[in-house]
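First the structure, in the form of structure tokens, and then the observations on it.
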Amino acid sequence: MYLTVIIPMYNEAGAITRTLERIHDTVMPEFIRQFEVIIVDDCSTDESADLAESITAPYPQARVIGSRSTQARSSCGCRGKGSRGDTIIVQDADMELDPADIPALLRKMHAGNFDLVSGTRFDTGRSYRGHAAAATTLNRLISALASRMTGRKITDLTCGYKLFRKDLFQNLDLREKRFGFETELMLKALRKNGVSFTEESVSYEPRRKREGKKIHAGDGLGIVFKLFRYGLARKNLVSTRNNHHAGSLYDHHNDDRQALEG
């Protein structure tokens with residue numbers, strides 16, 4: 001297995017060094033024959049880009065890609081553009097999710113030959129200090145709705161850790177920008193016949209606003225919209241390319257960011 005770790009980055013000068021070091025220090029399972037790290041600079045306005053360039057220098061398997069617009073999660077980053085791996089995982093730069101959990105996700109995929117493995121922070125009903133109770137409740141609600149829509153058990157729809165086969169990913173025709181990515185990926189993939197899926201528990205350390213957290217109380221509304229947009233689409237559709245009205249409506253909600261992600 002050749003693993004690509006993609007790190008979307010926006011103004012994370014205070015965290016990106018630690019994130020890359022943690023990934024570098026992570027002992028990958030023996031079946032990972034090779035891995036690479038792609039940091040996607042999402043139009044950072046601080047020194048993140050320059051810092052990322054300097055810290056990747058000692059790591060031959062790591063490189064930085066610049067994005068022209070603030071859509072790194074769905075553009076050249078999460079669409080796997082330029083990636084060499086046959087398997088992809090997205091690692092947020094803010095370290096709310098610990099790279100030490102990546103091997104467990106990989107082992108789960110390898111052991112069961114799954115196409116998609118989602119991290120879950122809430123499968124045991126656990127709560128976290130610093131994570132708003134309203135966000136937890138809403139995440140559990142939309143995860144339950146997604147379970148009904150797909151017929152699959154989903155306990156954490158919006159967890160940033162999504163490990164997937166590159167060929168599956170390329171066949172889904174994903175269109176979402178920013179943090180609608182996880183919802184579109186899950187709904188389209190899990191309504192596609194023959195896609196195998198499971199979850200794996202991951203650790204979580206939510207940041208506070210003073211530590212750089214960028215979400216707002218109303219951001220969950222964008223995820224709810226996307227849930228119904230993709231969850232209520234005809235089951236035989238993998239893409240919503242013909243849904244021009246829905247696409248136009250989404251364009252007016254393009255500022256929905258990081259909804260429920262932490």
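Return the pairs, sorted by first residue and then second, in which the second residue is among the aliphatic types (A, V, I, L, M) and open to solvent by less than 10 Å² (accessible area, probe 1.4 Å), the first residue lies in region 7-23 and is within 10 Å of Leu51 (Cα to Cα) and in contact (Cβ under 8 Å) with a residue 12 or more places away in the chain, the beta carbons are less than 8 Å apart, and the residues are 6+ apart or on different chains.
So the pair list comes out as Glu12/Ala93; Ile16/Ile7; Ile16/Met9; Ile16/Ile39; Ile16/Ala52; Ile16/Ala93.
Scan region 170-187 for residues that are open to solvent by 10 Å² or more (accessible area, probe 1.4 Å) and over 12 Å from the mean Cα position of the chain (by Cα) and report the count. Can you show your working first?
Keep residues of region 170-187 that are open to solvent by 10 Å² or more (accessible area, probe 1.4 Å), which gives 170-171, 173, 175, 177-179.
In the following step, the residues that additionally are over 12 Å from the mean Cα position of the chain (by Cα) were identified as 170-171, 173, 175.
Here the count works out to 4.
Just one of Arg148, Arg152 is open to solvent by 40 Å² or more (accessible area, probe 1.4 Å) and outside any loop (DSSP other than H, G, I, E, B); which is it? It would help to see each step written out before you state the result.
Values: Arg152 fails: outside any loop (DSSP other than H, G, I, E, B).
Only one candidate passes the filter, namely Arg148.
The values are calculated or read from the model by the stated rules, or taken from the named source; none is laboratory data. No experiment lies behind these values; they were computed from the predicted model shown. Counting neighbours? That spans all protein chains shown, and the Cβs are built from the backbone with ideal geometry, glycine included. Remember, those area values only see protein heavy atoms, side chains included, never the ligands or the DNA or RNA. Shrake-Rupley method; radii C 1.70, N 1.55, O 1.52, S 1.80 Å.
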